[in-house]
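What follows is one structure encoded as structure tokens, with my remarks underneath.
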Amino acid sequence: MEWQAPAIILALRPHGEHDAVAHVLSEAEGLRRGLVRGGQGRRQAALWQTGNLIAARWQGRLAEQLGQFSGEPIRAAAALVLDDPLRLAMLTAICATVAGALPEQAPHPRVFAALWRLIEGVSGSESAPAGLAALVRFEIGLLAELGYGLDLSSCALTGVGEDLAFVSPRSGRAVSRAAAGPWRERLLPLPAFLHDPEAAIDAGALAAGLRLSGHFLAREAFGSRHQPLPAPRQALYQRVLQLAERELSQ
């Protein structure tokens, strides 16, 4: 069996001394794994980097088997963020999250398209705050794609669509500031940029957004498999949280 398609490299794991196992996402094939001969060697190292878009070719005897990958470069996004620790952390985190959250061999064309738009923004001229806000929106969209959509359109208690400031950690529904009352300490903060496109985006709002989407990813997408959030995703949250704390202290 064989297929060829543009694919985003999500992860690369060592396999022996020179080979590697790649996790890639394509529009029609979904999340797939395959052996890359010489994937750890110098000749192929630049190609098989997390976040790169390649023309992938997979071959195997059966669809269920590991099979083998080969590929040609289309866009080397990883090389564009190597000198920017925050952007590199964003790229690594989102690829690890998608690799761990999606089921294998199930097409998710909307996730593929949205992920590539996000990677292009992170590795392009988009500002880091805008890229982080887009990353949070992508994660909320990923939850919806997996069947765990949040309802941030109106207050769960009053039905109003104004002054939404919190989210129930159990139901995933928004709660207005007035309705939160004595329960506000038990609720997750809802950053304004998730429901107001004109809202300012600072490190505090971004940390709140990552906390919000991370809570539901950890519970629904990873918790159901008895796995934690990927380490790169946890590290990104801690990095942004430190930025927020630094802003508050200035």
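The values are calculated or read from the model by the stated rules, or taken from the named source; none is laboratory data. Keep in mind that what you see is a predicted model, and the values were worked out from it rather than measured. Backbone-built Cβ (ideal geometry, glycine too); neighbour counts: all protein chains shown. Each accessible area value is taken on the protein alone, full model and side chains, heavy atoms only, with ligands, DNA and RNA left out. Shrake-Rupley method; radii C 1.70, N 1.55, O 1.52, S 1.80 Å.
Can you name the residue in segment 24-43 that is crowded, with 18+ Cβ neighbours inside 10 Å and of a type in the set (Gly, Ala, Ser) and is also farthest from ALA7 (Cα to Cα) among such residues?
GLY39
Just to verify a result, which residue in segment 237-247, among those that are touching a residue at least 12 places away in the same chain (Cβ under 8 Å) and out of contact with any Gly (no Cβ under 7 Å at 6 or more places or on another chain), is surrounded by the fewest Cβ atoms within 10 Å (Cβ to Cβ)?
ARG246
Which ones in segment 208-222 are small (Gly, Ala, Ser), over 15 Å from ARG137 (Cβ atoms) and open to solvent by less than 30 Å² (accessible area, probe 1.4 Å)?
Answer for segment 208-222, where residues must be small (Gly, Ala, Ser), over 15 Å from ARG137 (Cβ atoms) and open to solvent by less than 30 Å² (accessible area, probe 1.4 Å): just ALA221.
Output yes when any residue across segment 152-163 is charged (D, E, K, R) and either in a loop (DSSP other than H, G, I, E, B) or crowded, with 20+ Cβ neighbours inside 10 Å (or both), and no when none is.
Yes: one or more hits.
Of all residues in segment 7-23 being under 19 Å from the mean Cα position of the chain (by Cα) and within 14 Å of ASN52 (Cβ to Cβ), which is surrounded by the most Cβ atoms within 10 Å (Cβ to Cβ)?
ALA7
Just checking, how many residues over segment 223-236 are open to solvent by 50 Å² or more (accessible area, probe 1.4 Å), out of contact with any Pro (no Cβ under 9 Å at 6 or more places or on another chain) and part of a helix (DSSP H, G or I)?
Number of matching residues: 4.
Mind checking which residues of segment 44-103 are aliphatic (A, V, I, L, M), over 26 Å from LEU132 (Cβ atoms) and either in contact with a strand residue (DSSP E or B) (Cβ under 7 Å, 6 or more places away or on another chain) or open to solvent by less than 20 Å² (accessible area, probe 1.4 Å) (or both)?
Selection gives LEU47, ALA55, ALA56, LEU66.
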